[in-house]
Amino acid sequence: MQDLPADCLYLICEELAAKRDFGTLFACAVSSKSLVKPALLRMYRVHDESPIRSSGEGNETDFEKNSTNNDQTFEEKLAAVKKITSKWALQWKSIIRSSMGHTLYPYCLYIRSLDLRNLAELLDDPLFRGLSQIFFAGDMTQFLRTVDTPMKQKIRGAKASYEKLDVPVILDLVGESITSFVSTAATQNKATVALEDISGNISGLALPRWVGRISRLKGMTLWDGAALSEGVATSIANNCPEFDDLTFYGSLKPDIDQDLASFFSGLKKDSLRSFTALSASAVGRETLLSLNHHKSSLKRLKLDGLRSKVIEKLYLLQECVALETLEIHGPDGLVNLEATENDVSPEIIAWLGRCERLRDLLLRNLASGPAILTQVCLRNNIRLQTLQVVGYSVVGNQDFHRALSHQTSLESLALKADPEGAFRDDIDVLISSISKLTKLRDLNLVSTSDYFRTSEILNLSSVLTNLEDLSFGGYDVTDDLWRGMSNLHQLRKLDISAMTSFSFDRILAYIETLKDSNRGLTLSVMSQKAENPLSDYEESVIKQSIRNKVDGKFDFTLFREVDSESESFSD
């Protein structure tokens with residue numbers, strides 16, 4: 001039999017990697033000499049998306065789904081999870097040992113992402129304790145570090161202690177070994193490293209050294225933003241021309257505003273494309289000003305947990321008008337710019353009004369959000385596709401709801417507001433406005449819609465026929481709803497949190513109206529009235545029916561009020 005050309009083998013393995021078919025890639029790697037290198041190359045290039053990268057619930061679910069026996073015992077499930085953890089550890093061990101040149105193939109030269117968060121998760125996993133001795137055996141001993149005080153572990157009938165791993169030090173040693181090896185190999189081979197992304201709890205001492213070795217570095221995800229400095233920025237500017245994406249979780253230091261500003265200012269001008277601070281309490285005035293250094297390149301900005309006094313200074317970003325995605329999360333919903341500084345809110349409105357490329361906007365826990373958005377939505381040069389507003393009141397915001405109707409380009413809308421005290425005209429204005437957004441594919445009105453009835457949902461479904469994902473609440477929602485849902489032929493997810501009184505027959509009748517375009521529909525009825533229960537048999541029939549019709553899924557929860565007497569007992 002004639003062998004396929006090497007180029008064809010690489011293309012086959014590339015296609016398998018694109019489909020994340022790790023099982024077939026592994027089978028290719030062990031099947032023949034001609035396939036082993038292209039299969040391993042592609043398998044390790046996307047290794048960070050392998051299903052063995054965690055022993056958690058997701059992998060257990062995958063195992064159960066692929067198992068022929070749905071009645072596994074606890075011991076069998078535990079054995080399956082242990083097997084996954086063992087493979088997870090073996091993958092990491094092969095990558096680390098390859099950085100010492102002790103493996104047949106240089107696996108660490110193939111990887112694009114060095115995710116030390118995942119290695120930390122492995123080392124902290126309780127199931128790893130049984131693998132620790134094997135993992136750190138032989139040439140891996142040089143990476144073994146433990147804390148001074150051993151941890152005590154109680155075992156039935158006896159007491160035992162084990163040495164707790166010093167995970168941060170181990171991560172530092174592993175990162176040093178891998179980045180040093182890939183840099184040296186690239187120099188010797190006159191090639192570029194494959195690594196494009198690093199993430200984890202990386203120290204401020206190691207970070208500038210590591211990034212200086214990764215010439216193709218595009219993004220970093222750091223646990224501690226305090227690792228960032230002008231020195232890190234200089235190393236990136238001199239060695240990483242493609243770097244454009246930064247995320248950090250928070251800061252262990254209370255005030256790193258000046259250090260962050262020095263970092264952003266030290267990067268090449270207009271090189272940063274995306275910045276995310278998942279806990280932005282360390283971000284301050286200087287950081288905001290320094291982001292203007294990237295006014296033409298910065299397209300995505302997410303600041304979660306900004307301090308109130310910093311939210312008031314958002315107008316300092318006034319030169320950053322190339323933004324396409326903006327997410328601002330306040331700390332408590334009590335930041336009201338109009339009440340604190342009357343001249344601030346107009347400046348923020350003016351800045352947002354100049355962001356003509358803005359497509360995705362999310363404001364959370366910002367009391368002035370609706371007032372700001374009222375003006376922004378009315379601007380003809382702003383054409384949003386996604387809008388989420390979380391943490392405001394339905395009452396007193398009719399102007400904002402009316403302004404929404406001008407954003408007819410919206411495809412995704414999520415309004416999570418407090419409906420308490422809302423009158424009929426508040427609801428009517430909201431329904432009328434949303435009804436004009438006929439391009440909507442995703443609509444989430446949970447909590448905002450607590451006072452909606454069947455008629456409001458029917459009004460929306462009669463005009464929003466492109467909906468693929470619909471979530472809403474309400475009260476006294478009846479079987480009349482299904483005639484409206486039958487018009488939504490693109491629907492893939494229907495999440496009903498309203499108090500409902502659906503009947504078995506009408507749910508089945510709705511399922512029969514579903515089209516091929518509804519394939520994969522998840523139907524969730526999450527608060528059915530106790531006086532309208534479905535029997536176990538009826539539930540099973542509905543589940544089988546939706547599975548047969550569109551390969552869908554049905555979730556059902558019966559609402560049960562807390563008994564006041566039993567509640568007082570528990571108190």
Completion exercise
Longest principal axis of the chain (C-alpha) makes with the long axis of helix 257-266 (C-alpha) an angle, in degrees to the nearest 10, of 70
Exercise for the section: Keeping all protein chains in place, calculate the accessible area per residue for segment 414-571 (probe 1.4 angstrom), answer in Å². Expected result: 49
Problem - Carbon plus sulfur fraction of accessible area for the chain, probe 1.4 Å, in percent - result: 49
Practice task
Using only Cα atoms, find the angle between the long axis of helix 167-189 and the longest principal axis of the chain, and express it within 0 to 90 degrees, rounded to the nearest 10.
Solution key: 70
Problem - CD proxy at 222 nm, helix term only [per DSSP H run n ≥ 4: -39500 (n - 2.57); per residue of the chain; nearest 500] - result: -11500 deg cm²/dmol
Completion exercise
With the charge dipole of the chain built from beta-carbon charges (+1 for Lys and Arg, -1 for Asp and Glu) about the Cα centre, the Cα from GLY204, MET526, TRP351 projecting farthest to the positive end belongs to GLY204
Exercise for the section: Counting only DSSP beta bridges with both residues in the chain, tell me the antiparallel percent, nearest 5. Expected result: 10
Handout entry: Virtual spin-label span in nm between ARG20 and GLU319, 7 Å along Cα→Cβ
Key = 4.0
Completion exercise
Counting all Cα-Cα pairs in segment 379-522, those more than 20 Å apart amount in percent to 45
Exercise for the section: Whole number in Å², please: accessible area per residue of segment 253-402, 1.4 Å probe, ligands, DNA and RNA not counted. Expected result: 40
Exercise for the section: May I ask for log10 I(q)/I(0) of the chain at q = 0.10, 0.11 Å⁻¹, from a Debye sum over the Cα atoms as equal point scatterers with solvent left out? Expected result: -1.14, -1.28
Practice task
Please give the FRET efficiency for SER180 paired with THR73, using the beta carbon to beta carbon distance and R0 = 60 Å, rounded to the nearest 0.05.
Solution key: 0.80
Completion exercise
Within segment 424-462, the residues whose backbone N lies under 16 Å from a label point placed 7 Å from the Cα of ASN532 along the Cα-to-Cβ direction are 451-458
Exercise for the section: Determine the alpha carbon to alpha carbon distance for each of LYS299/LYS515; LYS299/LYS416; LYS19/LYS302; LYS268/LYS313 and list only those over 32 Å. Expected result: LYS299/LYS515
Practice task
Mind pulling the angle between the C-alpha long axis of helix 344-353 and the longest principal axis of the chain? Nearest 10 degrees, somewhere in 0 to 90.
Solution key: 80
Exercise for the section: Would you please give the residues with an amide H less than 5 Å from that of THR522, counting only those at least 5 places away or on a separate chain, with H modeled from the backbone geometry? Expected result: LYS493, LEU494, LYS553
Handout entry: Burial ranking of peptide ranges 86-93, 470-477 (average Cβ count within 10 Å, highest at the top)
Key = 470-477, 86-93
Practice task
Report ³J(HN,Hα) in whole Hz for each residue of segment 9-16, in order, from the Karplus equation J = 6.51 cos²θ - 1.76 cosθ + 1.60 where θ = phi - 60°; Gly and Pro get x.
Solution key: 5, 5, 5, 4, 5, 5, 5, 5
Exercise for the section: Excluding PRO208 itself, calculate the net charge of residues whose Cβ lies under 15 Å from the Cβ of PRO208, where each Lys or Arg counts +1 and each Asp or Glu counts -1. Expected result: -3
Practice task
Compute the label zone of VAL541 within segment 498-514: residues whose backbone N is under 19 Å from the point 7 Å along Cα-to-Cβ.
Solution key: 501-514
Exercise for the section: Compute the accessible area per residue over segment 100-239, keeping the other protein chains in place, probe 1.4 Å, unit Å². Expected result: 50
Practice task
Quote to one decimal, in nm, the extra length available between ASP399 and LYS295 on full extension: 0.36 nm per residue of separation minus the C-alpha distance between them.
Solution key: 34.3 nm
Practice task
First measure r as the distance between the Cβ atoms of THR386 and ASP480, then evaluate 1/(1 + (r/R0)^6) with R0 = 22 Å and state the FRET efficiency to the nearest 0.05.
Solution key: 0.10
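The values are calculated or read from the model by the stated rules, or taken from the named source; none is laboratory data. Computed from a predicted model, the values in this text were never measured in an experiment. A quick note on method: Cβ atoms are made from the backbone with ideal geometry, for glycine too, and the neighbour counts reach across all protein chains shown. All accessible areas refer to the heavy atoms of the entire protein, side chains included, with ligands and DNA or RNA removed. Shrake-Rupley method; radii C 1.70, N 1.55, O 1.52, S 1.80 Å.
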